[in-house]
Structure formats: structure tokens, C-alpha cells
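Participant: Please see the structure below; I have some questions.
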Amino acid sequence: MNKTERMMKNVLLTATASVLAIGMSGCSSQDRPPKPKDKSCDDWEWDNDTETWQCDDDSSPHFGYFFWAGSFFANSSALKKSSSYKNYISKGKTGIGSGSKGGFGG
């Protein structure tokens, strides 16, 4: 295989992986609530399991906390007890693994 063929194969593999990752994500960054602007945490990570932001700043007093509707939750159990979070999840969860019908073959 010459250099051009190898390069084209790598481009095709990279493009395919990107398309698969986007298609399987289920939630685009455009569907997410905006990152919190709370000054007590400088590093926010999106948590796919809870579909909320989580503080990943190990120097913050809120490290590991979930942030939802202007409030911090020490763990996912506390978050899931919030009535506004329950409402968000019940209305927003659709697609693979959600138990809802729709999409391919639904």
C-alpha cells in the first residue's frame, strides 16, 4: 500500500469513527443546558448518566457535585430526588435505552 492509499484509509477511518460517535451520542452539546457559571467550580464536565453538569475541580468544595436548576447535589441519589430533575428526565429521555418508542424500527 503506498502513502496515498494509507492516508486515504486513515481519513476514511477517522471520518467513520466521528460519524458513529455523533450518531450514538444521543444528546448533542446543543441540547445540553449551558455550563454553570458558578465561581466555586472552575472545571465542569458533562455527565452522560444524569445528563447534568458535574464539578470536576478537585480544589472546589463542590468537587464531584452535580449541578441542576441552580442547585448543587452531593450525589446522583440526591439529584434524582429533585422534582424538577424528575420532570426534566421524564420529558427529555428518548432514544436508545430510554424505553420510549420512536426512531429506527420504533
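Participant: Go through region 37-93 residue by residue and tally those that are assigned to a strand (DSSP E or B) and open to solvent by 80 Å² or more (accessible area, probe 1.4 Å). Don't jump to the end; show me each part of the working.
Facilitator: Here is the first cut: in region 37-93, the residues assigned to a strand (DSSP E or B) are 44-47, 52-55, 66-68, 71-73.
Checking which are open to solvent by 80 Å² or more (accessible area, probe 1.4 Å) leaves us with 45.
Going through region 37-93 one residue at a time, the tally reaches 1.
Participant: Let me ask something else about it. List pairs: first residue in region 55-70 and within 15 Å of Arg32 (Cβ to Cβ), second residue among the β-branched types (Val, Ile, Thr) and open to solvent by less than 70 Å² (accessible area, probe 1.4 Å) anywhere in the structure, Cβ distance under 9 angstrom, at least six positions apart or on different chains.
Facilitator: Qualifying pairs under 9 Å: Phe66/Thr50; Phe66/Thr52; Phe67/Thr52; Trp68/Thr50; Trp68/Thr52.
The values are calculated or read from the model by the stated rules, or taken from the named source; none is laboratory data. All values derive from a computational prediction rather than experimental measurement. Every residue, glycine as well, gets a Cβ built from its backbone with ideal geometry; the counts of neighbours run over all protein chains shown. Each accessible area value is taken on the protein alone, full model and side chains, heavy atoms only, with ligands, DNA and RNA left out. Shrake-Rupley method; radii C 1.70, N 1.55, O 1.52, S 1.80 Å.
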